[in-house]
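Only the coordinates and a few stated rules stand behind these numbers; no lab work does. Just so you know, these numbers come straight off a predicted model, no measurement behind them. Virtual Cβ from ideal backbone geometry, glycine too; neighbours counted across all protein chains shown.
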Amino acid sequence: MKPLQTNKLKEFLERFDNFKDAEFRSIDIISPTQISVLFAVQDSARGFDWLTIRLEFNGVSDAKLLDTNKFSLADMSDGISLFNYNSTFYFALGNYSNENNFTNSNCYVRAQSVKYEEGSF
């Protein structure tokens, strides 16, 4: 897994078109402070081939997660929001712009760090 640096967030999200129309595959609760989510996305750096991206959140302080039977129902048309504010990472399904409104999402995570890993489709 590679750490996702705050100065590379915009580039990372642009590469995968903010995960728009991605496929939500799974959520794994590794520990009370560590959560992993898996998506199938298109990669603009590889001619828009499909691959999987695993995001691992560490130092989780707040989260609202989808039930397993809801993954296929997740609306991914707006993609995801992933940003850093005051040394905290905020992740949410949908288009959210700040730490005050991201909890309106039906799935969100607040964490101290994020790592990612690319895999085969």
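Between amide H atoms placed 1.01 Å from N, distances below 5 Å from residue 85 occur with 90, all of them 5 or more places distant or on a separate chain. Here the spin labels are modelled as points 7 Å beyond Cα on the Cα-Cβ line, and at residue 88 and residue 100 they lie 1.4 nm apart. Here the relative contact order of the stretch 30-121, from alpha carbon pairs under 8 Å that lie six or more residues apart, stands at 33 percent. When the square roots of the Cα gyration tensor eigenvalues are ordered a ≥ b ≥ c, the ratio a/c for the stretch 51-121 is 1.5 or more and a/b does not exceed b/c, which makes its shape oblate. Highest mean packing comes first when the peptides 34-44, 98-108 are listed by Cβ atoms within 10 Å, giving 34-44, 98-108.
Assuming a ≥ b ≥ c are the square roots of the Cα gyration tensor eigenvalues, decide whether the stretch 28-74 counts as rounded (a/c under 1.5), prolate (otherwise, with a/b larger than b/c) or oblate. Can you show the working numbers first?
Details: a/c = 3.26, a/b = 1.66, b/c = 1.96.
Verdict is oblate for the stretch 28-74.
Once the other residues with Cβ under 13 Å from the Cβ of residue 99 are scored (Lys, Arg +1; Asp, Glu -1), what is the net sum? The answer is 0. The stretch between residue 33 and residue 73, if pulled fully straight at 0.36 nm per residue, gains 11.8 nm over its current Cα-Cα span.
In summary, the lysines within cross-link reach of residue 20, defined as a Cα separation below 21 angstrom excluding same-chain residues under 8 places away, comprise 8, 10, 64, 70, 115. Histogrammed with a bin width of 5 Å, the alpha carbon distances of the chain distribute as 2, 12, 23, 28, 22, 10, 2, 0 percent, first bin at zero.
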